[in-house]
Every structure is written in structure tokens, then in C-alpha cells.
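The values are calculated or read from the model by the stated rules, or taken from the named source; none is laboratory data. Nothing here was measured: the structure is a model prediction, and the numbers come from that model. No Cβ is skipped: glycine too gets one built from the backbone with ideal geometry, and neighbour counts run over all protein chains shown.
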Amino acid sequence: LLEGMDYNGYEVAVEELPMRYKEIQDIIRQLVDKHKPAAVIATGVSSKAPDICVERVAINVGSADGGPNFGYDTLDQVLNPNGPAAYWSTLPIRDIVEAIKKTGIPARVSNSAGTQGCNLVFYHLMDYLAEKELDTPAGFIHVPRLPENAVSIINPSMSLITSARALEEAVSLVASRL
């Protein structure tokens, strides 16, 4: 929904990443090199969050139980043996949360992107930006599942329009500070 939109002179590029553990690091590197972004807001779906979660930190560990998305088990694997234990988001996370909340959409700062696919993307993104010595503001935002993907009515979900509106607020705020 945000593809091609202009915010403060910056055009939004949207890429969908395959969740394949062995390939994701190279894919992220290729996309950063291709787009040369002024900022990066990576996103993913949380099966547990009832609100928009602006992530504070990516950790240097993967812990998914394999399956077709990952290709093999990643239980307790270090993502980069030579990398730091964690990377902080370089986005203005508190300000993003407040901007989203002003629209009436529930949002909060989350202290961890977890240890599965979303953390994998977040960590490899921050690791590559650090390796290239780029000052690109970057981070990760979790959105709740779509209502049609919630297993039952007691599982948290959020409409696509509401999630997109929250991401618009995040993009607008970040673009205004570039």
C-alpha cells in the first residue's frame, strides 16, 4: 500500500522477503545495495502482538524450529559469530510510537524482535549497515496478524488498512527527519 508514495521527497520502495534462513542475509545485502535507502523500516507479522510493536533491539541469535520457511533448524544459532550480541534500532522509536498512537492506533516499544524470522531480518539488516559503515536510520516494526489469519477470535489481529496507516505514520516521521 505504500509502494511508490512520496514522503518529504523520499520515495517508498517495498520489497517482500522470502523467509529462507540460508538466503536472507544475501537478499538483504542485495536490496540495500540496489536501493541505497535513506532509511529502512523493515516489517513483519507478529502472531502474539495486539498492537503495533516498534522494536528496540535485534539480537545475534536465531531460534526457529525449521520447517519449509527456514530450510533447516536454526535453534539457538548465532547469526554472525563475528558480530555484536545485539544492534539497537537507529529509528526514533519512541517518537514513532507516539505518532502512531495519536491516530488512535495502539502501538508500543517492544524490547526484542524475538529470535525467529523477523529478528533474522532485523539483525542482518543492521549488521550489513554497520559493515558498510552507513548512517542509514533503520529498524523493525511488527504488525499484528490480519483478522482472516487469526486462528480464533481470541487471537490478536489488526486490519490491513489500520496497519498500513500506522506504517504511513512511521515512514512520514522518519522521512521528516532525514
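Brief remarks follow.
- Checked against the criterion of being assigned to a loop (DSSP other than H, G, I, E, B), at pLDDT 95 or above, over 21 Å from residue 116 (Cβ atoms) and not acidic (Asp, Glu), region 49-70 contains not a single residue that satisfies it.
- One residue alone among 163, 159 is surrounded by 15 or more Cβ atoms within 10 Å (Cβ to Cβ), over 18 Å from residue 39 (Cα atoms), out of contact with any Gly (no Cβ under 7 Å at 6 or more places or on another chain) and among the hydroxyl-bearing types (Ser, Thr, Tyr), and that residue is 163.
- Any chance residue 145 is farther than 25 Å from residue 11 by Cβ, charged (D, E, K, R) and in contact (Cβ under 8 Å) with a residue 24 or more places away in the chain: yes
- For first residues located in region 87-106 and over 14 Å from residue 55 (Cβ atoms) and touching a residue at least 12 places away in the same chain (Cβ under 8 Å), partners that are in a loop (DSSP other than H, G, I, E, B) and not hydrophobic (A, V, I, L, M, F, W, C) and lie 6+ apart or on another chain with Cβ distances below 6 Å form the pairs 106/51.
- Strands (runs of 3 or more DSSP E) wholly inside region 72-178 containing at least 1 residues that are in contact with a Lys or Arg (Cβ under 8 Å, 6 or more places away or on another chain) and under 25 Å from residue 20 (Cα atoms): 86-88, 107-110
- Counted residues, region 21-37 - those being part of a loop (DSSP other than H, G, I, E, B) and surrounded by 16 or more Cβ atoms within 10 Å (Cβ to Cβ): 1
- Only one entry of 73, 26 meets the criterion of being out of contact with any Leu (no Cβ under 9 Å at 6 or more places or on another chain), modelled with pLDDT of 95 or more and over 19 Å from residue 170 (Cβ atoms), and that entry is 26.
- Qualifying residue in region 119-137 (condition: touching an Asp or Glu at 6+ places or on another chain (Cβ under 9 Å), among the polar types (S, T, N, Q) and in contact (Cβ under 8 Å) with a residue 60 or more places away in the chain): yes
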